[in-house]
1. Please work out if L34 is modelled with pLDDT of 80 or more and among the aliphatic types (A, V, I, L, M).
2. Only one of M75, M50, M103 is surrounded by 16 or more Cβ atoms within 10 Å (Cβ to Cβ), of a type outside the set (K, R) and under 15 Å from H6 (Cα atoms). Can you tell me which?
3. On the given criteria, is S109 surrounded by 10 or more Cβ atoms within 10 Å (Cβ to Cβ), polar (S, T, N, Q) and at pLDDT 80 or above?
4. Of the residues that sit in the stretch 37-47 and are open to solvent by 40 Å² or more (accessible area, probe 1.4 Å) and farther than 26 Å from G92 by Cα, which one is modelled with the lowest pLDDT?
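The values are calculated or read from the model by the stated rules, or taken from the named source; none is laboratory data. Remember, predicted model here, so these are calculated numbers, not experimental data. Glycine gets a Cβ as well: all are built from the backbone with ideal geometry, and neighbour counts include every protein chain shown. With ligands, DNA and RNA removed, areas are computed over all heavy atoms of the protein, side chains included. Shrake-Rupley method; radii C 1.70, N 1.55, O 1.52, S 1.80 Å.
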Amino acid sequence: LQKGMHGGDNTPPDGNMDWLLNEKHRRGKHLEPLGAGPSDVRKKLFRFCMSWSSNQALEFGGCFGIRDPESQEMMCAALCFPPNEQKLYEVGTCKFLQLVYHMTMTGRSIP
């Protein structure tokens, strides 16, 4: 998920997330390829965001991906929440605190 979102030499990043970084050289170019490999800051931000989203979705739904049959490289992925009346896609206070604790204090994902 992270690699597909942060962009690369020839691939554009996710436009909304690119905007979040607010890098001066990227202003107005959020849908264009990076032209150079992603910076460490970019990798860290996207790793954190994808870990957060994955940990939230895996408890209730799932994460599904498609791999290239030859290289086995991940081509795309989707985080899914089942249809429900509880609005599981919204992070409540308890879930928010659980995510913050596990991702910042322990440095690992939720088991």
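1. Criteria met by L34.
2. M50
3. Spelling it out, it is not the case that S109 is surrounded by 10 or more Cβ atoms within 10 Å (Cβ to Cβ), polar (S, T, N, Q) and at pLDDT 80 or above.
4. G37
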